[in-house]
Every structure is written in structure tokens, then in C-alpha cells.
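Peer 1: Supplied in C-alpha cells, the structure appears directly below.
Every number in this text was worked out from the coordinates using simple rules, so none of it is lab data. What you are looking at is a predicted structure, and each value in this text was computed from that prediction instead of being measured. Cβ atoms come from the backbone with ideal geometry, glycine included; neighbour counts cover every protein chain shown.
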Amino acid sequence: MRQLSVEGFPTVEVEAGKRLVRAIEQDAGVDILHACGGNARCTTCRVEFVEGEPDRMTVAERQVLAAKGVSGVRLSCQIVCDHDMSVRAISRLTGSGRADPGGPPAPDITPPPEWIPKES
Ligand code: FES
């Protein structure tokens, strides 16, 4: 098990290797958005890391963040809980004006992950 802390919510234990977006929603009980269903297309699943930012990322994450000109955040649909993490959920259904958070992300990272080092 790994510890997940979402700022403003109680720290929870999550299954090692679980997709972060699913852990935030299902284990921490936070209404994080995932408008594209966890496919690295929308960036609404973005989080800010307080501690434990992974030092690797998927090619899909790097590409969509670059395409949208977004920096300083990570995509929770492209991260697995393979160590303890502390994040801020900065993109939530509450206050978004959206009708729903988006389709449910699959258990495994989609598209199939190709890992690269995180740019520092
Ligand atoms: S990029 Fe759309 S849910 Fe992660």
C-alpha cells in the first residue's frame, strides 16, 4: 500500500500501482475532473505535487502538456501510485460548471505508457 495525501482531505492508503486519478477519486473521495476519460488529451486531471513528484512521465503526458502550454502540473491519469505522494487537486468538478467529471479512467494507464524521464 502507498500513502496518498490530497491537500484538504485525510491521507489514505491506496493500492500500490493504482492510477493516481482513480486513487484521488475512489480512495481520497475527491471530485477530480477527468474529462477525456484518462487518455492524456484534456489535462483536466491536473494536479500540483507537494511531495513525491514522480521523476518519470509518459510521452503522452509530455506531449499534451506541451501542446497546451501548461507547466508546473502533472496529469494524474498518467501517473501510478508506486510511492507515497502528496498533491493538490486543482481541477475539480465542484465549481467547474461541468455536468460530470468525465468518463471513468480505465484501471491501467491509457494510451499504453511509454516512459521517459521528467524534464527538470
Ligand atoms: S488528460 Fe484527460 S483525464 Fe488526464
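Peer 1: Any residue at all in the stretch 82-99 that is surrounded by 13 or more Cβ atoms within 10 Å (Cβ to Cβ), farther than 20 Å from Thr11 by Cα and within 9 Å of the ligand (Cβ to nearest atom)?
Peer 2: Taking every residue of the stretch 82-99 in turn, none turns out to be surrounded by 13 or more Cβ atoms within 10 Å (Cβ to Cβ), farther than 20 Å from Thr11 by Cα and within 9 Å of the ligand (Cβ to nearest atom).
Peer 1: Here's a follow-up. Output the qualifying pairs, or none if there are none: Cβ atoms under 6 angstrom, residues six or more apart or on different chains, first residue in the stretch 58-80 and more than 11 Å from the ligand (Cβ to nearest atom), second residue small (Gly, Ala, Ser).
Peer 2: Close Cβ pairs satisfying both conditions: Val80/Gly17.
Yes/no per residue for (1) surrounded by 19 or more Cβ atoms within 10 Å (Cβ to Cβ); (2) more than 11 Å from the ligand (Cβ to nearest atom); (3) touching a residue at least 24 places away in the same chain (Cβ under 8 Å):
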position	(1), (2), (3)
Leu4	yes, yes, yes
Ala16	no, yes, yes
Thr44	yes, no, yes
Val50	no, yes, yes
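Peer 1: Quick one: is Pro111 in contact with a helix residue (DSSP H, G or I) (Cβ under 6 Å, 6 or more places away or on another chain), crowded, with 20+ Cβ neighbours inside 10 Å and not aromatic (Phe, Trp, Tyr)?
Peer 2: no
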